[in-house]
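Read the figures in this text as sums done on the coordinates, not as results from a lab. Bear in mind the structure is a predicted one, so any value in this text is a computation, not a measurement. Ideal geometry is used to build each Cβ from the backbone, glycine not excepted, and the neighbour counts take in all protein chains shown.
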Amino acid sequence: PGRARRLLLSQLFQPLALPVGGQAGSEGRPGEPTCRSQRLMLQGGLIHPTSPGCYCYLPPTVRAMEKLIKVMDEEMQAVGGQKLNLPSLCSAELWRASGRWNQMGPELFRLVDRHNHGYCLGPTHEEVVTELVASQSGLSYKQLPLRLYQVTRKFRDEPKPRFGLLRSREFYMKDMYTFDASEEAARHTYEQVCDAYCSFFTRLGLPFVKVQAATGSIGGTTSHEFQLPADIGEDRLVLCPQGHFAANVETLNGEQTSCPTCGEKLTETKGIEVGHTFYLGTKYSSVANAVFSSAENKPQLAEMGCYGLGVTRILAASIEVLSTEDSIRWPSLIAPYQLCFIPPKRGSKEEEEGAALLERVYDDLAEALPHLAGDSVLDDRTQLTIGKRLKDANRLGYPYVVVAGKRVCEDPPVFEVWNQNTGEVLYLTKEGVIELLSKVQVP
């Protein structure tokens, strides 16, 4: 309705702690190991630490997270995923029945209610979702495959939370649980979801590898991890240089040093795990008696799979692998804001014409490209030079910055446009700016 309200940087709740000159910016808690993404997210006003392993996600982070979830939704719905929402408080009885109440040990946050009933705060939801499906007494093979997923907060009592959102005690995860009529169908589902994960990371432009993995506390018989190679990663991976083979070291016996396909020597690298897939078989369905009636009208146990993507971890890991030491770089699709407009400095000779011209570009762009209207910020801190604000914009990683610089007084006025992901600068008229930005994608 009417003109889009301009978003002014001075009004946004993003408390910057950018380092000035030689002085360091915010470094996190004393004594906690830090990493690039954590440092940049604290300095850029993206997160604020509350207690060990717990953070406030500030508005720009929530914007990036909502975009990321939109891309996940598209990929999950493309493979028939239906979104639901399961409770964080999970009954201890269900977890005892599956054996995981004891198996998970101290990583499980446990609590007792006033009626003395035990609960845990869900780190993952296999028990709850299997119980939900088991409670549907009339489930027929015709309703399968069933692919249910959610994006919710998860909890893990990490012994040593560190590296900001890469290893925290409270985090967001997308978890999908699938129910199939046969092992063959379930393995087909497994392939489809793995392909959807590959498509997801490719759309984000992240350099991922899919590796053979151990099943750990989730269980099952087949498992893969999606890893972003990074020096700070906590997983050791071995890769075939030709791309035939990739595995987490924990799945190998010590002797294996060459690729089983081509014989080339395997190289070792570290990775940050951002996704994990498991083929579960009937491990959970047999405990909860999650059955469907087969074509012969006999009760049969559903064959299951579960699939996780770490939402907040992907945000931090993408900043970790794409950024420079002092400047945040986002996958362009999920940057909190696509555009930053920088008007002339107060009192400069360009101010009079330039400020009004730039505001007109902002408004015309919002009208011509309404999907970018909420994605544009005007840096109204005109007491600062253009250079200082450009430096901040570079550090915060807006994919595009539009500056009303010296050439804004020409006829027709010319604006500087910085494409921060390629580092190139273009000089364009208002029409040229709108034309260039019409190619920008937002989820």
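For the ranges 315-321, 289-295, what's the packing order if you count other beta-carbon atoms within 10 Å of each residue, average per peptide, and put the highest first?
Numbers: 315-321: 25.9, 289-295: 16.7.
Put in order of decreasing packing, that is 315-321, 289-295.
Please work out how much length the chain gains when fully extended from Gln256 to Glu74, using 0.36 nm per residue of separation minus the C-alpha to C-alpha distance, in nm with one decimal. Each step should come with its number before you reach the end.
Values: separation 182, 0.36 × 182 = 65.52 nm, distance 3.88 nm.
Full extension from Gln256 to Glu74 adds 61.6 nm.
Once the Cα atoms of helix 59-78 and of the chain are each reduced to a long axis, what angle between those two axes, in degrees from 0 to 90 to the nearest 10, is obtained?
50 degrees
Rounding to the nearest 10 and keeping the result within 0 to 90°, find how far the Cα-based axis of helix 311-322 lies from the longest principal axis of the chain.
50 degrees
What is the Cα centroid distance between the stretch 241-319 and the stretch 329-375, reported in whole angstrom?
That distance is 44 Å.
Can you give the direction-averaged projected area of the convex hull of the alpha-carbon atoms in the chain, in nm²?
On the way: hull surface 107.2 nm².
Mean projected area for the chain: 26.8 nm², to one decimal.
So if each residue of separation counts as 0.36 nm, and I subtract the Cα-Cα distance between Val425 and Ala185, what length gain in nm does that give?
Working it through step by step, the gained length comes to 81.2 nm.
Treating the stretch 164-299 as a set of equal point scatterers at the Cα positions, no solvent, please give the Debye-formula log₁₀ I(q)/I(0) at q = 0.15, 0.18 Å⁻¹.
-0.85, -1.12
Taking square-rooted eigenvalues a ≥ b ≥ c of the alpha carbon gyration tensor, is the stretch 117-200 rounded, prolate or oblate, where a/c under 1.5 means rounded and, failing that, a/b exceeding b/c means prolate?
Verdict is oblate for the stretch 117-200.
Determine how many Å³ per residue the convex hull of the Cα atoms of the stretch 218-297 encloses.
Working: hull volume 12.2 nm³, N = 80.
Enclosed volume per residue, from the Cα hull, is 153 Å³.
For each of Asp157, Asp180, Asp113, count neighbouring Cβ atoms within 10 Å of the residue's Cβ, then give the residues from fewest to most.
Numbers: Asp157 17, Asp180 22, Asp113 9.
So the ranking, lowest neighbour count to highest, is Asp113, Asp157, Asp180.
With 10 angstrom as the radius, rank Val112, Val442 by how many other C-beta atoms surround their C-beta, starting from the fewest.
Working: Val112 10, Val442 16.
Starting with the residue having the fewest Cβ neighbours, the order is Val112, Val442.
Find the Cα radius of gyration of the stretch 287-409, compare it with 2.2 N^0.38 Å by division, and give the number to two decimals.
On the way: Rg = 24.6 Å, N = 123, 2.2 N^0.38 = 13.7 Å.
Normalised Rg, Cα atoms only: 1.80.
What residues qualify as long-range amide H neighbours of Val274, i.e. H under 5 Å apart, gap of 5 or more or another chain, H built at 1.01 Å from N?
Answer set, sorted by chain and number: Phe226, Gln227, Leu228.
Relative to the longest principal axis of the chain, what angle (0 to 90°, nearest 10) does the C-alpha long axis of helix 183-204 take?
Relative to the chain, helix 183-204 is tipped by roughly 10 degrees.
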